[in-house]
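The values are calculated or read from the model by the stated rules, or taken from the named source; none is laboratory data. It should be emphasised that the depicted structure is a prediction, and the values quoted were computed from it without experimental measurement. All Cβ positions, even for glycine, are placed from backbone atoms using ideal geometry, and neighbour counts span all protein chains on display.
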Amino acid sequence: MALERTFSILKPDVVAKDAIGAIYARMEAAGLRIVAAKMLHLSQEQAAGFYAEHEGKPFYLPLIEFMTSGPIMVQVLEAENAVQRYRELLGATNPAEAAAGTLRHDFGTGMPPNGTHGSDSPESAAREIAYFFEDNEICPR
Ligand code: RTP
Ligand code: MG
């Protein structure tokens, strides 16, 4: 099977508690290779653009407030079947429902502060990667 890419965010809650390295170790141990990464502090406009699909939902405003509350890390991960494999590593959206050993169970604390984001399909991954990265910022190997 061909290599696939997915897009990942370490949200403000996990960056604030210095869990970047611990989560990167989990990604690498799961065979998800980090081929691009950077730290950002999202503006309101950047967060609203990224989460446009959720505009109008009850959790939208708290989500934007949370995602702009501090720096985040954005990553491109590469592997065979990367989208599905990273979603499995993340666990359920709500940390209270996520299985033990998943990133959201182990690092998330609630909703919206569930620690991590991962693309939900290859199409979402392509859109989300292009939202944050230029082609020449991605380093496959
Ligand atoms: P993500 O996009 O962050 O990977 O999460 P997801 O696909 O599992 O969840 P999604 O439905 O796309 O929701 C995006 C983020 O919004 C917050 N949320 N809060 N209070 C709520 O009911 C609620 N629902 C969603 C979470 O931070 C979720 O990751
Ligand atoms: Mg989503």
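Kindly list, by first and then second residue, each pair from a residue in the range 105-130 that is more than 12 Å from ligand 1 (Cβ to nearest atom) to a residue that is assigned to a loop (DSSP other than H, G, I, E, B), limited to pairs with Cβ atoms under 7 Å and residues at least 6 apart or on different chains.
Listed by first residue and then by second, the contacts come to His105/Gly91; His105/Ala98; His105/Ala99; Phe107/Ala19; Phe107/Gly115.
What residue, of Ser8, Ser43, is within 18 Å of Glu134 (Cα to Cα) and polar (S, T, N, Q)? Outline the logic, then answer.
Details: Ser43 fails: within 18 Å of Glu134 (Cα to Cα).
Exactly one residue qualifies, and that residue is Ser8.
What number of residues in the range 8-47 are loosely packed, with under 15 Cβ neighbours inside 10 Å, under 18 Å from Glu78 (Cα atoms) and basic (Lys, Arg)?
Selection size over the range 8-47: 1.
Residues Ala2, Ala37, Ala16: which one is more than 28 Å from Glu80 (Cα to Cα) and aliphatic (A, V, I, L, M)?
Details: Ala2 fails: more than 28 Å from Glu80 (Cα to Cα); Ala37 fails: more than 28 Å from Glu80 (Cα to Cα).
Of Ala2, Ala37, Ala16, the one residue that is more than 28 Å from Glu80 (Cα to Cα) and aliphatic (A, V, I, L, M) is Ala16.
List pairs: first in the range 44-55 and without any contact (Cβ under 8 Å) to a residue 60 or more places away in the chain and of a type in the set (S, T, N, Q), second surrounded by fewer than 17 Cβ atoms within 10 Å (Cβ to Cβ) and not in a loop (DSSP other than H, G, I, E, B), Cβ under 8 Å, 6+ apart or cross-chain?
Gln46/Leu40
What residue, among those in the range 48-60 that are more than 11 Å from ligand 1 (Cβ to nearest atom) and in a helix (DSSP H, G or I), is surrounded by the fewest Cβ atoms within 10 Å (Cβ to Cβ)? So that I can check it myself, show each step before the final result.
If we filter the range 48-60 for residues that are more than 11 Å from ligand 1 (Cβ to nearest atom), which is where we start, we get 48-49, 52, 55-56.
Imposing the further condition that a residue be in a helix (DSSP H, G or I) reduces the set to 48-49, 52.
Details: Ala48: 17, Gly49: 11, Ala52: 9.
Filtering the range 48-60 for residues that are more than 11 Å from ligand 1 (Cβ to nearest atom) and in a helix (DSSP H, G or I), the one surrounded by the fewest Cβ atoms within 10 Å (Cβ to Cβ) comes out as Ala52.
Being small (Gly, Ala, Ser), within 21 Å of Pro122 (Cβ to Cβ) and at pLDDT 95 or above is the filter here, so list the residues in the range 1-33 that pass it. First the steps, then the outcome.
Step one: of the range 1-33, the residues small (Gly, Ala, Ser) are 2, 8, 16, 19, 21-22, 25, 29-31.
Add one more test, that the residue is within 21 Å of Pro122 (Cβ to Cβ), and what stays is 2, 8, 30-31.
Listed by number, the residues that qualify are Ser8, Ala30, Gly31.
Taking the range 75-93, which residues are within 12 Å of ligand 1 (Cβ to nearest atom) and buried (at least 19 other Cβ atoms within 10 Å of the Cβ)?
Val83, Tyr86, Leu89, Leu90, Gly91, listed by residue number.
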